[in-house]
Amino acid sequence: MKKFLVLILVVAFAFTCTAVFALEKPVAEVAGQESQYPAGPMQKLGRGIGNMALGWTELPKGIINQTKETNLLQGLIFGTLKGACQTVARTVSGIADAVTFPFPAYDKSAISPAFDFPAPATE
């Protein structure tokens, strides 16, 4: 049990470090600004890990957005369907980015926006 816990912590730490390093440079691009760094394989891997890990957030986002546009009943029905489709799309896009990260086309994401979370505020 102790070995299993250590293994889980090491894997979690490795994924966290990879994602943080990968997201370090392209934050300006996510914020809609020009980046002084070219996109590379680590950014593609970070985008893939982020989209795999956070793809599920598209489901409640779809419900909330549809409810704001229409009403609660339609938001629950159509928002759930829309959110489920977007969840699958973002997760599959993340898997594709994570699997193909060594290959070029680093700056192009299969889904827009590239990340499902807002960019940090810049000064």
Residues in the range 81-112 that are in a helix (DSSP H, G or I), among the polar types (S, T, N, Q) and surrounded by fewer than 15 Cβ atoms within 10 Å (Cβ to Cβ): how many? 0
Between PHE115, PHE15, which is of a type in the set (A, V, I, L, M, F, W, C), surrounded by 11 or more Cβ atoms within 10 Å (Cβ to Cβ), modelled with pLDDT under 80 and assigned to a helix (DSSP H, G or I)? PHE15
Residues satisfying the stated conditions in the range 90-110, i.e. touching an Asp or Glu at 6+ places or on another chain (Cβ under 9 Å) and aliphatic (A, V, I, L, M): ALA110
Scanning the range 66-80 for residues that are polar (S, T, N, Q) and surrounded by 16 or more Cβ atoms within 10 Å (Cβ to Cβ), which turns out nearest to ILE111 (Cα to Cα)? GLN66
Hey, any hits in the range 22-42 for a residue that's at pLDDT 70 or above and in a helix (DSSP H, G or I)? yes
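The values are calculated or read from the model by the stated rules, or taken from the named source; none is laboratory data. Because the structure is predicted, anything quoted here is derived from the model rather than measured. Counting neighbours? That spans all protein chains shown, and the Cβs are built from the backbone with ideal geometry, glycine included.
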